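Read the figures in this text as sums done on the coordinates, not as results from a lab. Since we're looking at a predicted model, the values are computed, not measured. Please note: Cβ atoms are built from the backbone with ideal geometry, for glycine as well, and neighbour counts cover all protein chains shown.
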Amino acid sequence: MDTYRWQHNNAVVTRLYYSERMVEVLFGMAATATAIDGFFISRNYFASAARARIIQYWGYAALLSGISLYVLLKPLTSHEISLNWKKRRTMGKWLWSVYHLDEEEWEV
């Protein structure tokens, strides 16, 4: 389990997992803040200020997601990302083991 191949795949999958979680959390926070401001708008409490903040929430979420994705995914090759993303879509979860990787797929 502590072979180089497993450690390499573990590093790739962990970066992909955390990048997915970062995007989910940041856009979830933007959606929550938008819902709270939507409540204020419906009650007419500082409605103009609440409307102005909604665009900022989504802009900050997009900016921070872009920065975090760049930092997390920059060291990975497109082959590593596509190989693990294909398995993610098929299985519905991130796979840390190397048993799902075919030998010819793994070697570039």
Within region 13-88, which chymotrypsin sites (Phe, Trp or Tyr not before Pro) sit in a loop by DSSP and count at most 14 neighbouring Cβ atoms inside 10 Å? Tyr45, Phe46
Where does helix 78-91 land angle-wise versus the long Cα axis of the chain, in degrees 0 to 90, nearest 10? 80 degrees
Tell me, what is the FRET efficiency for Ala11 and Tyr60 to the nearest 0.05, using R0 = 30 angstrom and their Cβ-Cβ distance as r? 0.55
Rg and Dmax in Å for the chain, alpha carbons only: what are they? 19.3, 61
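Do any trypsin sites (Lys or Arg not before Pro) in region 1-45 lie in a loop, going by DSSP, with at most 14 other beta-carbon atoms within 10 Å of their beta carbon, and if so which?
Numbers: sites: Arg5, Arg15, Arg21, Arg43; in loops: Arg43.
Passing sites in region 1-45 are Arg43.
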Positive-pole candidate from Thr3, Leu73, Ala52, dipole of the chain, charges at beta carbon: Ala52
For every helix of n ≥ 4 consecutive DSSP H residues, a contribution of -39,500 (n - 2.57) applies; sum these over the chain, divide by its total residues, and give [θ] at 222 nm rounded to the nearest 500 deg cm²/dmol. -27000 deg cm²/dmol
